[in-house]
1. Quick check: residue separation of residue 188 and residue 115 times 0.36 nm, minus the Cα distance between them. What number comes out in nm?
2. When the chain is fully extended, how far beyond the present Cα-Cα distance does residue 57 get from residue 151, taking 0.36 nm per residue of separation?
3. Stretched out fully, how many nm does the piece from residue 88 to residue 180 gain, at 0.36 nm a residue minus the Cα gap?
4. Hey, fewest Cβ within 10 Å first, where do 43, 174 land in order?
5. So for 55, 81, 177, fewest C-beta neighbours within 10 Å to most, what's the order?
Amino acid sequence: MRDLCEPPRAPRYGTRGGLLAAVTTTDPALRALAHPVRLRMLSLMWAAPLSAAELSRELGISHALASQHLRRLDAAGLVELTEVRSHRGGRERRYRTVHGTPLSNRQDGAPLLAEALAHNLRDRAARRAPGQDGVTSDAELWVAPEAWDTFRTRMAELLADLHEAARAPHTPGSVLLGATVMAFLVQADEEAGEQAEEDPAAP
């Protein structure tokens, strides 16, 4: 839903597995995604539409800053206007995350997204609920290609299920969880060195 006078939006991206499709560093979607606050906004708006005022309260930031981030996401086609309602004598526009919004599975997007994801991971770790179970792992393993394909597929399905189970923030009977996942094939040290030697643009 959008006003007819608004300019055309950026193309939408769609796949089932939550935030999974590919974008490039020149893509406005990736540039919009590569910010920890905007990543949190997309999670908050996944299950229910929210306004800039609601996002500012959830994130503890100013209304002006929330509006700025929301406009950036809207311009990149990552959220869509779903509701305009009267509120305190004015009009409140509420947006929802476009399901299938991409993070990235492209090498050129990994460093940008890693920085934003790491920021949010540190923040969530500091807010971890005491006395509650969780899952923590760090891995750099050599496995058969078939094992990697199986893991990647299962992880994508689990994340898709998790996103489908999402409820609006503060829904009674729900719990707030934090999950940060980034899995990919890694170049061995000798392979990375050989590629750097072959690349004339490498420092």
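Bear in mind these aren't lab numbers, they're just calculated from the coordinates by the rules spelled out. All figures in this text were calculated on a predicted structure; none of them were measured in a lab. All Cβ positions, glycine included, derive from the backbone under ideal geometry; neighbour counts span all protein chains shown.
1. Values: separation 73, 0.36 × 73 = 26.28 nm, distance 2.16 nm.
This chain segment gains 24.1 nm when fully extended.
2. Values: separation 94, 0.36 × 94 = 33.84 nm, distance 3.74 nm.
Between residue 57 and residue 151, full extension yields an extra 30.1 nm.
3. Numbers: separation 92, 0.36 × 92 = 33.12 nm, distance 3.72 nm.
So the chain would gain 29.4 nm between residue 88 and residue 180.
4. Values: 43 17, 174 13.
In increasing order of surrounding Cβ atoms, one gets 174, 43.
5. Working: 55 24, 81 15, 177 11.
In increasing order of surrounding Cβ atoms, one gets 177, 81, 55.
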